[in-house]
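Chemist: Next up is a structure, given as structure tokens.
The values are calculated or read from the model by the stated rules, or taken from the named source; none is laboratory data. Bear in mind the structure is a predicted one, so any value in this text is a computation, not a measurement. When we count neighbours, we look across all protein chains shown, and the Cβ atoms used for this are built from the backbone with ideal geometry, even at glycine.
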Amino acid sequence: MSNALIITDNLDTTSAVKEGFSAIGWHAHHLDLMNFLSHDNQDVAMQYQCALLFVDKVFVDKYSNLIDDVSETIKSCAANMPIYLSFEENYDNRFYWWRLRSKRVFECVGDSAAMQEIIKEITKLEISMQNLRAYVSPMS
């Protein structure tokens with residue numbers, strides 16, 4: 001069974017995404033941003049097929065002073081596994097480099113139907129990869 005990592009501090013989002021992945025037969029695990037930043041990136045890449053980072057109002061308010069730290073972690077993780085970004089609102093220029101390092105960016109995601117479509121798209125993309133060694137970083 002495939003594993004996805006959900007990175008958000010929003011527990012409502014976590015629950016909805018876990019349910020969506022579970023319905024498709026995947027396991028989804030949650031880390032808040034501070035725990036994600038403290039993990040070894042290669043270890044994370046070995047445990048999960050992909051990561052989905054949610055950038056919402058809570059994220060921006062709480063972590064705007066950590067943008068550079070998060071950027072370095074995203075860069076490191078993106079070299080080892082696919083990272084998908086989901087922006088609650090239209091992203092601003094502070095996140096430009098994140099967009100370049102992600103496999104796919106989803107914008108204005110708020111309702112559960114849109115979330116289910118995102119999960120289906122991610123799993124379809126990831127199932128098509130035979131193994132993690134086939135992953136080609138967007139930084140290549």
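Chemist: Of everything in the range 3-20, what is in contact (Cβ under 8 Å) with a residue 24 or more places away in the chain and either exposed (fewer than 15 other Cβ atoms within 10 Å of the Cβ) or touching a His at 6+ places or on another chain (Cβ under 7 Å) (or both)? Give them in sequence order.
Modeler: Correct list: Asn3, Leu5, Ile6.
Chemist: Select from the range 108-124 the residues that are modelled with pLDDT under 80 and assigned to a helix (DSSP H, G or I) and list them in ascending order.
Modeler: Scanning the range 108-124 gives a single hit, Ser112.
Chemist: Could you list all residues from the range 59-83 that are within 15 Å of the chain's Cα centre (by Cα) and assigned to a helix (DSSP H, G or I)?
Modeler: Within the range 59-83, Phe59, Val70, Ser71, Glu72, Thr73, Ile74, Lys75, Ser76, Cys77, Ala78 meet the criteria.
Chemist: Restricting attention to the range 13-30, which residues are hydrophobic (A, V, I, L, M, F, W, C) and in contact with a strand residue (DSSP E or B) (Cβ under 7 Å, 6 or more places away or on another chain)?
Modeler: Val17, Phe21, Trp26, Ala28
Chemist: So if I check each of Ile67, Ile127, Ile83, which one is of a type in the set (A, V, I, L, M, F, W, C), crowded, with 19+ Cβ neighbours inside 10 Å and at pLDDT 75 or above?
Modeler: The conditions single out Ile83.
Chemist: Let me ask something else. Against the definition (in a strand (DSSP E or B) and of a type in the set (Val, Ile, Thr)), how does Val105 come out, yes or no?
Modeler: Yes, satisfied.
Chemist: Scanning the range 41-55 for residues that are touching a strand residue (DSSP E or B) at 6+ places or on another chain (Cβ under 8 Å) and outside any strand (DSSP E or B), which turns out surrounded by the fewest Cβ atoms within 10 Å (Cβ to Cβ)?
Modeler: The residue in question is Gln47.
Chemist: How about the range 68-102: which of its residues are in contact (Cβ under 8 Å) with a residue 60 or more places away in the chain and closer than 23 Å to Thr13 by Cα?
Modeler: Ala78
Chemist: Can you work out which of the residues in the range 38-56 that are of a type outside the set (S, T, N, Q) and touching an Asp or Glu at 6+ places or on another chain (Cβ under 6 Å) is nearest to Asp69 (Cα to Cα)?
Modeler: My answer is Asp56.
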